[in-house]
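The values are calculated or read from the model by the stated rules, or taken from the named source; none is laboratory data. Just so it is clear, the model here is predicted, and its values are computed rather than measured. Here the Cβ positions follow ideal geometry from the backbone for every residue, glycine too, while neighbour counts run over all protein chains shown. Calculation scope for accessible area: heavy atoms of the full protein, side chains included, ligands and nucleic acids excluded. Shrake-Rupley method; radii C 1.70, N 1.55, O 1.52, S 1.80 Å.
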Amino acid sequence: MSKSGSQVIFFKDTSALRRGIMPLVVFVVLSLCIFTLSRIGLTLWSNSKEISGHFFEIFVQGIRSDFSIICTMYAPAFLILLLASILHLCKKPLLIALSLYLALVFTVQVVMELATPPFIIEYGVRPNHLFVDYLVYPKEVIATLIGGHLFALIFSLVAAVVCLVLAFLLSQKLFRLYKPLTSAKALLCLFIVALICAAGIRSTFGHRPLNPAMLSFSNDPLANDLPVNSSFKVFYALRHYGENDLNEGQLYAYDDDQHILQVARMVSARNEPEKIDPKCPLNQIINPSVHPLEKRNVVVILEESFGADFVKSLGGLPLTPKLEELAREGWFLRGMHAAGHRSVRGIEAVTASYPPSPLASQVKLDHETPMATLMQIYKNLGYRTSFIYGGESHFDNMRTYFLYNGAEEVIEQKDYENPSFVASWGVSDEDLFDKADERFSKWYEEGQPFCSVVFSSSFHDPFDIPQGKVDIGNIKTNEPLRFAAVKYADYALGKFFEKAKKRDYFNNTVFVVIADHESRVQSNGEFPADKFLIPALIIGPDIKPRNDDRIVSQIDVLPTLLSLTGVSGEFPLVGQDLTRDDVVERAAMDYNELFGFRMGNKFEVLMPERKAAFYKVTGDRFTLKQGKALKASPNDPAFAELGKALENLGLAIYKNRWNDASCIKGLSQ
């Protein structure tokens, strides 16, 4: 057959793809294929026991989420093409623009699926609100990718470019001899497509449109994420980004304020005021355990990602020898639990005694008036208050949070003259601590008591640290940079205390060294309870060295500091003073869309759109990672009521302003 004959047959075979809405349908089918292939790969890759017996559900619900995001992303192209057909405007420029749009949408979908495995490795779930949070800070993200993930970055960029070019060429080919529908057929088609897109986007007859929680089927966050493609997850996070309110699908169940307050009082040892102010129902009386002759300085050192995984005495690797040495000199809280797996959760818990909740962190939310925070309280007592950080304090809204809530000074990367080492996330921890020591010495010489939060950053991906400072010895790992970075953070901490002990301010300062969260929090079929154990150490005058094995939380740090520095009064704080003998052993934890509550050896997991799950904590509480951390337990209705109230507590505090600075009463030292 002649060449021209071959071309005629070729066009006859493909002519159907060049008519009406068929070019768009081709991309819809391609997107469905990409999502399905990715889901198959992730399902095979995941070793979650929760997947077994749920394959049909995963893929049926997967098609549901795929069709929903496809309708969302391709609807503009369908509507524009059909309207152009009705109005006889299907000209070449419009078709080129549509080709580019199709190529861009398809490329975004492909790139999001390619980004999913690395995100799962780091966070244990598909890209979600954390992914969106980091998009707001391109400088830090790009520096991190270049510094520690250059190959992945180059691969992703190449893949995106190749996908974009191929998708554009395909769409151009489909539109080359395009034949639009007649006006009548296009009008009918527009009506049908509009109905299909509207139904597909909502994907439910309920009063709320489809959301990730509706597709949950297990207690394993990764298993729940398998039906939901990553484009859907990120689009959902973008749509709700910055929202302060919650809909009922984001909570296990709503609770009334009175029950919330009752439970909050029940799960913390506290002294109540004789007369409770209805505007300040969370107020508790702090009766200090120490009465110093002069004002004690306060230094809180928040160590980035410094979890129990790297502390030998807590069942981890021997990568923090300096911390272990310091632990023998102070009050070592071996049962401390992080409130979440992000820095902002640790910041709000430690500095404001704020419990974890499904809300965005208080660090990132707007407030009409200041909160009763660490710095607000000590500022009112005449202290010099500061936040000292090695990076750019605008990240995660930290600068605004601290300045609005009592910090008189924020020291950040731009304030360091000739730092010895600058990494992707700021100056090295050695530079950070040198700056802190310089300021502490200056304020002490001026006779100015001070309260400061020092936040480290060297142990942060891409783990860029000064060379030649530390080595990890014979520890076998495929992540030498990560392990070296945590040992360097420990090294810098040790150097700081060596220097501080020689300063005049040391003997009149209470130091708290605490992690903001564990380095890498991932689930393997159940709530990763062992990944919330973190080291916490208090060093200072009148503090005798001891190991404290009680189960406690970051929210207990602020009330304890007040007690140890002789501060008394009424304070709207959820946590408890750990110097008391009647401390309630409990911890609340936020993990993605899950809420965990531990009391003694009982553990409850709450999740949207599903029933609560109950467990017993088994094995040594400090070596949970060595064996089975959680064991399924029968339902416990009374315990479930506690968890429900505590999950609602953060939301109730924010809406009712129960932690307002105006609730601080009778403050004295």
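Net length available on complete extension from Asn474 to Ile285 is 62.9 nm, with 0.36 nm assigned per residue and the Cα-Cα distance removed.
One quarter of the surface of the convex hull around the alpha-carbon atoms of segment 34-183 equals 11.4 nm², the direction-averaged projected area. Residues in segment 503-552 average 32 Å² of solvent-accessible surface per residue, probe 1.4 Å, ligands and nucleic acids excluded. Compactness of segment 473-574, taken as the C-alpha radius of gyration over 2.2 N^0.38 Å, stands at 1.36.
Spin-label model, Arg610 to Ser52: label points 7 Å out along the Cα-to-beta-carbon direction sit 1.7 nm apart. Rg over Rh for the chain works out to 1.03, both radii taken from alpha-carbon positions and Rh defined as the Kirkwood radius.
Taking N as the residue count of segment 27-113, its C-alpha radius of gyration divided by 2.2 N^0.38 Å amounts to 1.40.
Beyond 23 Å, what share of the Cα-Cα pairs of segment 349-486 is found? Please give it as a whole percent.
44
In this simple spin-label model, placing a label point 7 Å from the Cα along the Cα-to-Cβ direction at both Arg239 and Asp582 gives a separation of 4.9 nm. Principal-axis analysis of the Cα atoms of the chain puts helix 230-239 at an angle of about 60° to the longest axis. A cut-off of 5 Å between modelled amide H atoms, ignoring neighbours fewer than 5 places along the same chain, links Val454 with Val300, Ile301, Leu302, Ile388. A cut-off of 5 Å between modelled amide H atoms, ignoring neighbours fewer than 5 places along the same chain, links Lys295 with no other residue.
Computed over segment 553-669, the P(r) tail beyond 21 angstrom holds 50 percent of alpha carbon pairs. One quarter of the surface of the convex hull around the alpha-carbon atoms of segment 135-208 equals 9.3 nm², the direction-averaged projected area. Backbone geometry of segment 318-335 corresponds, through the Karplus equation with coefficients 6.51, -1.76 and 1.60 at θ = phi - 60°, to 3J(HN,Hα) couplings of x, 10, 10, x, 5, 4, 4, 5, 5, 4, 6, 9, x, 8, 9, 8, 7, x Hz, x marking Gly and Pro.
Determine the gain in length on full extension of the stretch Leu481-Ala160; use 0.36 nm per residue of separation and subtract their C-alpha separation, reporting nm with one decimal. List each step's numbers first, then the result.
Numbers: separation 321, 0.36 × 321 = 115.56 nm, distance 2.78 nm.
That pair, Leu481 and Ala160, stretches by 112.8 nm at full extension.
FRET efficiency for the pair Arg546 and Ile196, taken as 1/(1 + (r/R0)^6) with r the Cβ-Cβ distance and R0 = 41 Å, rounds to 0.05.
A Cα-only calculation for segment 338-380 places Rg and Dmax at 10.5, 31 Å. Using the Karplus relation 6.51 cos²θ - 1.76 cosθ + 1.60 with θ = phi - 60°, the per-residue 3J(HN,Hα) values for segment 220-228 come to 9, x, 5, 4, 5, 7, 4, x, 9 Hz, with x marking Gly and Pro. Cβ-Cβ distance of Ala253 and Glu274, R₀ of 25 Å, FRET efficiency by 1/(1 + (r/R0)^6): the value works out to about 0.15.
With a Förster radius of 56 Å applied to the C-beta separation of Arg503 and Lys139, the computed FRET efficiency comes to 0.95. Modelled spin-label separation between Lys179 and Arg19, with each label point placed 7 Å from Cα along the Cα-to-Cβ direction: 0.5 nm. Diffusion coefficient of segment 497-541 by Stokes-Einstein, Kirkwood radius over Cα pairs, 10 °C, 1.306 mPa s: 121 µm²/s.
Taking trypsin sites (Lys or Arg not before Pro) across segment 475-544, the ones in a DSSP loop with at most 12 further Cβ atoms lying within 10 angstrom of their Cβ are Lys476, Lys501, Lys502. Restricting segment 24-118 to trypsin sites (Lys or Arg not before Pro) that sit in a DSSP loop and have at most 16 other Cβ atoms within 10 Å of their own Cβ leaves Lys91.
Between Ile63 and Lys442, the contour length at 0.36 nm per residue exceeds the Cα-Cα span by 130.1 nm.
Just to be sure I understand: of the beta bridges DSSP finds with both ends in the chain, what percent are antiparallel, rounded to 5?
Of those bridges, close to 55 percent are antiparallel.
Calculated on the Cα set of segment 136-285, radius of gyration then Dmax: 25.7, 83 Å. The lysines whose alpha-carbon is closer than 25 Å to the alpha-carbon of Lys295, local same-chain residues fewer than 8 away aside, are Lys379, Lys435, Lys442, Lys499, Lys501, Lys502, Lys544, Lys665.
What relative contact order, as a whole-number percentage, does the chain give when Cα pairs under 8 Å and 6 or more residues apart are counted?
Averaging sequence separation for qualifying contacts and normalising by length gives 20 percent for the chain.
What does the convex hull of the Cα atoms come to per residue for segment 242-350, in Å³?
210
Extent along the principal axes, Cα only, for segment 567-623: 43, 29, 16 Å, with the longest axis given first. Annotation: amide H of Ala423 within the under-5 Å range of Ser428, sequence separation 5 or more or interchain, hydrogens built in the peptide plane.
Counting only alpha carbon atoms, the long axis of helix 183-202 and the longest principal axis of the chain meet at about 30°. Annotation: lysines with alpha-carbon distance below 30 angstrom to Lys179 (same-chain offsets under eight excluded): Lys3, Lys12, Lys91, Lys92.
Surface composition of the chain: carbon and sulfur make up 60 percent of the accessible area, probe 1.4 Å.
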